[in-house]
Structures are given as C-alpha cells and as structure tokens.
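Okay, structure first, notes after.
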Amino acid sequence: MPRRHDPERRQRIIDAAIRVVGAKGIAGLSHRSVAAEADVPLGSTTYHFATLDDLMVAALRRTNEGFGKVLAGSGLLLRADGDLAADLARALGAWLGGDRTGVELEYELYLAALRRPALRPVAAEWTEETAHLLSGRTDPVTARTLLALMDGICLQVLLGGGTYDEDFAREALARVIPDRHPS
C-alpha cells in the first residue's frame with residue numbers, strides 16, 4: 001500500500017497533544033492517547049516525535065504563541081511612549097480573559113520544564129524573546145522583571161481561581177518600571 005501524503009499530519013499531532021494535555025494533563029499524554037485524538041496511526045506519532053519530550057517541546061512551542069499574539073495584537077510594542085504598566089496590564093487582562101483553558105495549558109507545559117529538562121530551553125527561549133520585545137519600551141533588566149511579575153500575577157489568578165484585577169496589575173507593574181523623568 002503506498003504511503004499517503006499528509007503534509008498537515010505533524011501539525012495535527014501537535015494540536016492533538018495540546019488537546020490531550022488540556023483534557024487530561026501532562027500525565028495523560030502518551031503517543032497512544034495523541035494518536036487516538038489525532039485519528040492517526042500510532043506509528044505516525046513516533047515517526048514525527050520519537051519521544052514524548054519531543055512532542056511536548058513542539059506543543060510548548062505552539063502554546064507559547066498565545067501571549068506573544070496578545071502582545072503583538074495590542075500594539076503596545078510599537079509605541080515608544082505611553083503608560084507601559086497600563087498597556088501590559090490590559091494585555092494580561094486580554095490574555096487571561098480569553099481562552100482560559102489555553103492559558104492554563106500554556107502554564108502547565110511551561111511548568112513541566114521543572115521535571116523535564118528537554119522543555120527548559122523552550123521555556124527559556126520564550127522568556128528571552130518576550131523580554132527582547134519588551135526591551136523596546138524599557139531596559140532589558142526591567143523587561144525581565146516585568147515578565148517575572150506578570151508570570152506571578154497569572155499564576156496567582158490561575159491557581160487561586162480568582163478573577164484578574166487589572167488595577168492591581170497596573171499598580172504592581174508601575175512599581176517595577178523606572179521613572180523616565182526623575183524629578
């Protein structure tokens with residue numbers, strides 16, 4: 001039987017892995033569960049991703065796009081002036097107020113790097129890339145500090161089951177940003 005050409009199969013497998021983690025958590029991820037979700041033969045998952053770590057790296061890269069799209073869509077990276085704290089607080093609100101399952105999934109995969117060293121470079125890449133983007137509005141150290149604070153705020157909202165408080169986020173972020181016009 002000739003091999004069927006399916007250029008979208010790899011992406012369908014990644015998307016299926018994301019759905020499996022979203023429904024069952026990292027513990028529910030296996031080549032078999034992803035193959036079933038993607039409706040592909042088991043051999044297809046192992047052909048494209050030899051290990052679960054390879055599959056999780058691809059899924060983390062895909063989910064990392066979420067907040068980056070919110071930042072890019074907000075226009076805050078294009079402005080040289082304005083209230084950066086308010087812009088970031090608004091972007092966080094848009095992200096947390098959107099697909100909550102996607103946000104939770106992104107953090108679940110991100111935090112999986114604690115136990116899965118193969119994921120650490122991907123998590124670090126996201127931090128470096130996002131800090132670099134923010135460096136257009138502030139210095140590199142402040143950009144990384146803002147990311148750390150935003151991660152903390154997001155984790156508190158996600159783990160505490162509460163609602164996002166944009167005013168609190170804006171105030172907290174403003175405390176980190178150096179005054180560009182000292183008195």
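Mind checking which residues of segment 50-96 are part of a loop (DSSP other than H, G, I, E, B) and not polar (S, T, N, Q)?
A50, G75, L76, L77, L78, R79, A80, D81, G82, D83
Restricting to segment 106-138, give me the number of residues that are touching a residue at least 60 places away in the same chain (Cβ under 8 Å), in a helix (DSSP H, G or I) and in contact with a Gly (Cβ under 9 Å, 6 or more places away or on another chain).
Residues meeting the conditions: 5.
Of the conditions (1) more than 13 Å from the chain's Cα centre (by Cα); (2) closer than 30 Å to G162 by Cα; (3) basic (K, R); (4) at pLDDT below 90, R90 fails just one. Which one is it?
Only one criterion is unmet by R90, namely (4).
If I go through segment 140-171 residue by residue, how many of them are open to solvent by less than 70 Å² (accessible area, probe 1.4 Å), assigned to a helix (DSSP H, G or I) and free of Cβ contacts under 8 Å to residues at least 24 places away in the same chain?
Adding up the residues that qualify gives 6.
All but one of (1) surrounded by fewer than 21 Cβ atoms within 10 Å (Cβ to Cβ); (2) within 22 Å of P121 (Cβ to Cβ); (3) touching a Leu at 6+ places or on another chain (Cβ under 9 Å) hold for V70; which doesn't?
For V70, the failing item is (2).
The values are calculated or read from the model by the stated rules, or taken from the named source; none is laboratory data. Since the structure is predicted, the reported quantities are computational estimates derived from the model, not experimental observations. Note that each Cβ is placed from the backbone with ideal geometry, even for glycine, and that neighbours are counted across all protein chains shown. Ligands, DNA and RNA are excluded from the accessible area calculation, which covers all protein heavy atoms including side chains. Shrake-Rupley method; radii C 1.70, N 1.55, O 1.52, S 1.80 Å.
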